[in-house]
Each structure stands twice: as structure tokens, then as C-alpha cells.
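Novice: Sharing a structure below in C-alpha cells format, with a few things to ask.
The values are calculated or read from the model by the stated rules, or taken from the named source; none is laboratory data. Not measured: the values here are computed from a predicted model. Cβ sites come from the backbone with ideal geometry, for glycine too, and all protein chains shown count toward neighbours. Heavy atoms of the whole protein, side chains included, go into the accessibility calculation; ligands, DNA and RNA do not. Shrake-Rupley method; radii C 1.70, N 1.55, O 1.52, S 1.80 Å.
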Amino acid sequence: MECKTLDIVPVFNDGKQTNRFKGSSNLMDTLEDLPSGIGQYEDFHTIDWLRDIARDRMRHRHITKKRQEGCWEKVLSAHDAWSGWVCVLLVGVAAGLCAGIIDIGATWMSDLKEGICKEAFWLNKEQCCWSANDTTYDDEGCSQWNTWSEILGAQTGKKAAAGGYIVKYLLYVLWAVVFAMLASMFVHSFAPYACGSGIPEIKTILSGFIIRGYLGKWTLLTKSVGMMLAVSAGLSLGKEGPFVHVAACCGNIFSYLFPKYGSNEAKKREILSAAAAAGVSVAFGAPIGGVLFSLEEVSYYFPLKTLWRSFFCALAAAFVLRSINPFGNDHLVMFYVEYNEPWYLQELIPFIFLGALGGLYGSFFNKMNIAWCRYRKNSKLGQYPIVEVLGVTLVTAILSYPNKYTRMNTSELIRQLFSRCGAEDKTMLCDYNRNSTSLSSYTSSTVAGDEVYTALWMLFLGLLFKGLITIFTFGIKVPSGLFIPSMAVGAIVGRIVGIGMEQLVVRNHDNPFFQNMCQSKQFCTITPGLYAMVGAAAALGGVTRMTVSLVVIMFELTGGLQYIVPLMLAVMTSKWVGDALGKDGIYDAHIALNGYPYLDSKKEFTHTTIAADVMRPRRNDPPLCVITQDSMTVEEVEAIFRDTSHNGFPVVLSSESQYLVGFVLRRDLMLAIANARKNQEGVVSNSIVYFSSQVPNNPNDPAPLKLRKILDMAPITITDQTPMETVVEMFRKLGLRQTLVTHNGRLLGIITKKDVLRHVAQLGNQDPESILFN
């Protein structure tokens, strides 16, 4: 069976409807009650935004009309109105609970690599020392905390010996490998979609793409457990990015409690956008930043009501996490700090310098990581994901343990780099030549001691290690985020630059250029922690190309309103430098690498091609496959299903005429015919399929199959001379799945989203075959 083809012939139409239909126009549709599945989508397909939004408006008009019929209908109408708020509330509460559990579990297992609390094994190291009323949390100052070398008898007392160091080293590596192996096995066995950060896929899903199972309950469970294990293994990754995926899973699961969202893919994405905001809210304790992140970075369709609900969802998530208090410091993140010291205009120079370094690092990291991921994808390495995870973990654990700054939890490292040295701080970074009897000396800058320079060398080595190992870590088959490693790299650079700037000012306090920064020889106020914060924002901005949301997140992290200008300057410099070396952030680059059909609304289309250059069929392609309005049998339609793989078919008036009637989706048509064969008496292979409102009444013919209800009678159409710039904007702003191309009213061809993406890739000197999905 061959498809009906279109021959370009003149269409003669006197404007009058033919009188071939003598039957009643009031004949009931064969599918008066449409079967389940109509209007749904197959896996790895793009949704039709206009169609789904129109369906929701029809549903809303129906509820509004029924509201006048009685009290129960008014209750149903009220439930429909508040269901969106209830849904995002449940999502926010669930996201906060998941984040609290993950934070507590990850902290406990991270400390488990070094030892255990002998009185209460369920306490992490800090809580263990609290319970013993110890004032310090190092191995020597915490009486209740036992290292593994003490437990195994390789060390007596709290002073470490050579044998004890070796035992702790080996146990650290062993625990890291065990945790990583468990994380990779969980992902490989239960939910392969739980690997990575999930943000590239969330962006693609929110743009209208279907990935079945990516936001399911098994993915949620595996991602949550895998995050704890992967972070505890000491890998150079974070759990903050995957929080967006965890929250989106909660949003998807709870949306099915409300048919308004569960059965409508376009409406469901409003809940998923709010869930993404909640994910960032619990990751950084930044509800406003979470809303802006959802708006700026991941969401494709963000109406005003979604903004309000996203804010409410992020608020609920932050409140629940604050109630759980996972870190015991009344803050939502481990590295919360507060600054009060001023900054000076002269410091804008190093701030701009940090922004430029962040852009350079982001561009370097993105290119190297994408190159490595492409190699993994195209080589035998990709066939052994667990072996790769174990190899990366082994190298990371062996090289990170000797350096205290790479051995410690990355969030704890960032906390130390952000912090200001106070009287209670005895770390190497705070070894300044101060007057210990004067508290005012701790609020001013002074000459650094020897341990500060030792710490700088260790930080420099840690910078090289983390900067390189993260390239190979991000993308392995465990849950892995990029926010914290990027911030750590930037914070290290920032702290080094900050200490350098501090010592420069202290040693040249009489220089007129620095005169306003020093009130006296003993009182200069330079805060190296501020430089670490600016550097962290610059590095993260260079990698992800975030701007507004990143500045707000950093502001909410620190509580320092006066530091918005340095943050804005560094982040914008980072973006400018990064964009000059490569336009795509890391998430957009991974979307392109995986071939997802994501049409970026931030990029401009500046070429002069027209629709006729892109539409199908082209010169050497098979003819356009169409279905006639009232002359094809069920058997002929089913033959089209067997012979083609198209996702939809234009419906025309007849094979001789190219007059367009509408468009029908393949899935809907297949379900409708299968349902009619099963439930409708008299429907056989010779039954005529009708997409018209009138059916001829001939008792000698088989029962007709009337499918007008599944026909889209108002498909979006363009002419063959429409500029592709206009077509691309239509696909972006209307969320089209396809558009039909006409010439003088006659159907010529079709342009799908995949055709547009391949055309954009081809004009960008990229491989158009890299677009893998529809």
C-alpha cells in the first residue's frame, strides 16, 4: 500500500459545498467517548503546546459552565482553581524533606570515611563533638570521635603516628571506592536516568520533550541515595545541581494527583518549573534565586501565574528544610557566612580580574569536558560505566587525601574560604601576626604568618587537582552536580587573590592609591573571604553562563547586600569573556552532545533562508504522505502505519485536490481505529474513515468510522516563501511541533521541529544528524 501523494494541479472550486453527502449531519461520532491515550504522546517525542493549552481552556470553560448547576459543581470548580497551589505546596514540602534527608545522610557518610562516633554511631563528627561538649572538631580535640586507625589499634591516643596515617589513608580510599561502587551499581541497576546532574534533561523536558521514566519514583529514590553515596565518596562533584532533578521528580509524581496537570503535558510543565525553583531553593537556601534560576536557566514557558507558584513552592521548600535544620547552624547551607566589612573602588580591578579568570576557566572546562564526554560516548569506555566510576574514584581518593583542602568535604572547603578569620579560628589560613589580646585586631588586615603561605601552596595544588579531575568526573554514571566544584575552584582562586591583595595593601599602606583603605598602619580592612565569594560566582558563571539568578543566589548565601555590585561586575565579566570564547554554557553543550531537540530561545537566527529550503518532501525524498477526508478505508490507513514512521498526517479534501482539511496525529489515529475495531459493531477493514461532519447514509456499505473529533482543524500553516527567521520564532514562541507549508492555498509539505533544528545546526557548521530525536 502506497501513501496518497500530492500532485501540483490547479484546484477548481466554485465555493459551494458538493451535495454528495445525503446523510444526516447529526450522526453521532464513532468515538463519542474518546479512548484513553488520545492526546497523549509517545516517548522521546515533542509535545504540541498550542494543542494542549487549547485542551485546557476547553476543560476550564466546561467547568465554568457546569458551576452554575449546583453546589457540588461549585466545589469542583473551587478545587480546580486551588489545585495548582495545593500541588506546588506538596512539591515544596517533598523537596524540602528530600533535601534534609540527603544533607544529613551525605554529611554522616562523608565523615564515615575518617572515623565514627563511639557513643552514638548515627552522629556525624561535628554532632559527636557537640555531644561531648568539645570545643574543637579536629581529631586531637574531640574525645568522642574515633578514627579508624584508633579503632583498628594502629594508633594509641589522639596523636597520629606513621602507622596510623597509613591506616587512615587506606580506609579513606577503601570507603570512597565502596561508596562510589554502590552509587554506580544503584544507578546501573535501578534507574539509569539518575546519573548526572539532570539539568540539561530538565531544560529539554520543560521545552516540551517527553522522556518517560526520567522523573519517575524509581529515579527519585535512586537519585537521592546515589547523591549521598557519590558525595560521600569524595568525588569532585556536588549534590546541589541534582536537587533540581529530585525536586522535578517530586513535581512529576504529585502532578498525577491532579488530572488537570497529570493528563496535560503543557500544564504539567508549570508544576515542573515551580519544582525546579524549589530545587535551587533547598540547594543554596535561596528561594528568590531559585525562582530566577527557573526563569533564566531552565524554563521555556513561564507565565505570570507560574512565577507566583514557583515563589510559593520555593518558599515552602526552604521553610521545611529550615525546620529540619540539617547542618545544625540555623542556616540552609553549610557555607552560609555574613560580611559587614566595606569594599573599596580600588578593589573593582581585582574583581574584574577574577571575573575574567572565571570566564577563561568556564570556557576551558566546558570544551574539555564535552571533548571527554564525546570520547566516552564514542569509545569502549562508555560500555564500562562502573569501571570508569571506580577508576575516577580511586585516582581522586589517592591524590586528594594528602592535601587537607582536597580531602575535606567541598562544601566545608568553600565555607573556610568564604569565612573571615576570627579570634576562634586556628586554621592555617588564619595564621596572621595579630595582637591576641586585642579583639579589634581580628577585624583588620595584618601581615600573614608562615602557615598562610603554606596554605596558599596547598590551595594552589588543590586548585590544579580539582580543576582537572572535575573534567573527568562530571558526566560519569553517578548523580553528579557541577555547582559546588565550580564554586570551589573559583573560591580558591579568589582567596589566593584576596590574600595577595590584602598583603599588598598592608605592606603599602602609605601609598596614596591605598590610603582610603587604611585608617592607620595597624588598621586596613581587606576581606579575602569576599574575594573567594566573588571568585566562586565568577567561576560558576563562566561554566553555566548564569547571570541574574547567580548574583541573587550568592547574595542570599551571604546576606551581604553591599556586595551586589562586585558580584554583578564579576559575573558579567565572566559571561562576556566566556561568550567570546564559546557561546554555550555547560548545560546547553550537553544538550547538543546528547542530540536533544532543544530550540534555544536565547540565540538569534540571522540567515536568509525560506521555508521552501527546509520543508519536506525535498527533491529526492518520497512524496508527502496524506490522508483523504472521506475516501480511504481502514485497511488503507493501517497500511500507511506499516509503511511509514511519520508522527502525523495532513488530511486533504481528496487525492485530486490539495485543499487542506486538518492534521491528525499518528498515535491518536492508531488508538481510535483500534478502539473502534474492538468496541464499535460493524467497523471492518473496508469501512470508510471520515473526518467530515457529514456521512452518507448507505445501508449496503460497511459501518463508517467517523474520526472528526481527533482531527486538528486549525493547524498552523505558512507559505513556502515565509522567511525561516519567522518560522524559527514561531517554533520558539508558540511551541510548535510541526507546521504545514502551502503555496496559493495548496499543500506542499511540512516542517517539523526536528527539521528546524537540523537546519540551524547545518547553518552553524554542525552535523545535522546530531539531532537524534523528534
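Novice: Using only helices, what value at 222 nm comes out for the chain when you add -39,500 (n - 2.57) per DSSP H run of length 4 or more and divide by the total residues, to the nearest 500 deg cm²/dmol?
Specialist: Details: 26 runs with 402 residues, N = 774.
The helix contribution divided over the chain gives -17000 deg cm²/dmol.
Novice: Which values of log₁₀ I(q)/I(0), to two decimal places, follow from the Debye formula for the range 532-665 at q = 0.09, 0.14 Å⁻¹ with a uniform point scatterer at every Cα?
Specialist: Treating every Cα as an identical point scatterer, log10 I(q)/I(0) equals -0.56, -0.78.
Novice: Which distance in nm do the two modelled labels at ASN679 and ILE398 give, with both placed 7 Å along the Cα-to-Cβ direction?
Specialist: 6.4
Novice: If you put +1 on each Lys and Arg Cβ and -1 on each Asp and Glu Cβ, how big is the dipole of the range 282-391 around its Cα centre, in Debye rounded to 20?
Specialist: Details: 8 positive and 7 negative charges, 154 e Å.
The dipole magnitude comes to about 740 debye.
Novice: What longest region of the chain stays clear of GluC sites (Glu not before Pro) that DSSP places outside H, G, I, E and B and that have at most 15 other Cβ atoms within 10 Å?
Specialist: Result, exposed sites excluded: 141-337.
Novice: Could you tell me the extents of the chain's C-alpha atoms along the three principal axes, largest first, rounded to whole Å?
Specialist: Each principal axis gives a Cα extent; for the chain these are 106, 59, 58 Å.
Novice: By DSSP, what percent of the beta bridges with both residues in the range 611-764 are antiparallel, rounded to the nearest 5?
Specialist: Details: 16 of 23 bridges.
Approximately 70 percent, going by the DSSP bridge assignments.
Novice: Quick one: which residues, 5 or more positions from LEU624 or on another chain, have an amide H under 5 Å from its amide H? H modelled 1.01 Å from N in the peptide plane, none for Pro or chain starts.
Specialist: Amide H neighbours of LEU624, under 5 Å, 5+ apart: LEU6.
Novice: Write down the radius of gyration of the range 360-494 and its Dmax, each obtained from C-alpha positions, in Å.
Specialist: Cα only, the range 360-494: 18.4, 63 Å (Rg, Dmax).
Novice: May I have the pair-distance distribution P(r) for the range 611-764, computed from all Cα-Cα distances with 5 Å bins from 0 and rounded to whole percent?
Specialist: Taking all Cα pairs of the range 611-764, the binned fractions are 2, 9, 18, 20, 19, 13, 9, 6, 3, 1, 0, 0 percent.
Novice: At what distance in nm do the modelled label points of TYR384 and THR525 sit from each other, each positioned 7 Å from its Cα along Cα→Cβ?
Specialist: In this crude spin-label approximation the distance works out to 5.8 nm.
Novice: If r is the Cβ-Cβ distance from SER143 to ILE166 and R0 is 35 Å, what FRET efficiency results, to the nearest 0.05? It would help to have the intermediate numbers written out before the result.
Specialist: Numbers: r = 24 Å, r/R0 = 0.68.
It comes out at approximately 0.90.
Novice: Also: Note down the nm distance, to one decimal, between modelled labels 7 Å out along Cα→Cβ at ASN433 and at VAL75.
Specialist: So the label points at ASN433 and VAL75 sit 8.0 nm apart.
Novice: Taking H placed 1.01 Å from N in the peptide plane, check which residues at least 5 places from LEU747 or on another chain put their amide H under 5 Å from its amide H.
Specialist: HN-HN under 5 Å from LEU747: LEU660.
Novice: Between MET670 and ASP56, what length in nm is gained on full extension when 0.36 nm per residue of separation is reduced by their alpha carbon distance?
Specialist: Using 0.36 nm per residue and subtracting the Cα-Cα distance, I get 218.7 nm.
Novice: Which percent of the accessible heavy-atom area of the chain goes to carbon and sulfur, probe 1.4 angstrom?
Specialist: Ligands and nucleic acids excluded, carbon and sulfur give 60 percent.
Novice: So, one more: Determine, from the Cβ-Cβ distance of MET185 and ASN516 and an R0 of 41 Å, the FRET efficiency 1/(1 + (r/R0)^6), rounded to the nearest 0.05. Don't skip to the end; give the middle numbers.
Specialist: Numbers: r = 59 Å, r/R0 = 1.45.
The formula returns an efficiency of 0.10 here.
Novice: Now for a separate question. Across the range 64-77, in residue order, what do the Karplus-derived ³J(HN,Hα) couplings come to in whole Hz, using 6.51 cos²θ - 1.76 cosθ + 1.60 with θ = phi - 60° and x for Gly and Pro?
Specialist: Ordered by residue, 3J(HN,Hα) equals 4, 5, 6, 4, 7, 8, x, 5, 5, 5, 5, 5, 4, 5 Hz.
Novice: What residues from the range 104-120 fall in the zone where the backbone N is under 13 Å from a label point 7 Å along the Cα-to-C-beta line of LEU174?
Specialist: Answer for the range 104-120: 113-115.
Novice: Non-local amide H neighbours of TYR690 (under 5 Å, H modeled in plane, Pro and chain starts lacking H): which ones?
Specialist: Correct list: LEU705, LYS706, LEU707.
Novice: Find how much the distance from LYS118 to GLN346 grows on full extension, using 0.36 nm per residue of separation minus their present alpha carbon separation; answer in nm with one decimal.
Specialist: Answer, rounded to one decimal: 76.9 nm.
Novice: Now a separate question. Nothing charged except the Cβ atoms of Lys and Arg (+1) and of Asp and Glu (-1): what's the magnitude of the dipole of the chain about its Cα centre? Round to the nearest 20 debye. Write out the running numbers ahead of the final one.
Specialist: On the way: 70 positive and 67 negative charges, 172 e Å.
My answer is approximately 820 debye.
Novice: So how strong a dipole does the range 611-764 carry about its Cα centre when Lys and Arg Cβ are +1 and Asp and Glu Cβ are -1, to the nearest 20 debye?
Specialist: 540
Novice: At q = 0.12 Å⁻¹, what is the log10 ratio I(q)/I(0) for the range 699-774, with the Debye formula run over Cα points and no solvent?
Specialist: Evaluating at q = 0.12 Å⁻¹ gives log10 I(q)/I(0) of -0.47.
Novice: To continue, here is another question. What number comes out for accessible area per residue over the chain if the probe is 1.4 Å? Units Å², please.
Specialist: Details: 33920 Å² over 774 residues.
For the chain, the per-residue accessible area is 44 Å².
Novice: Another question, then. Note the full-extension length gain between LEU734 and LEU152 as 0.36 nm times their separation in residues minus their Cα-Cα distance, in nm to one decimal.
Specialist: Result for the pair: 203.0 nm of gain on full extension.
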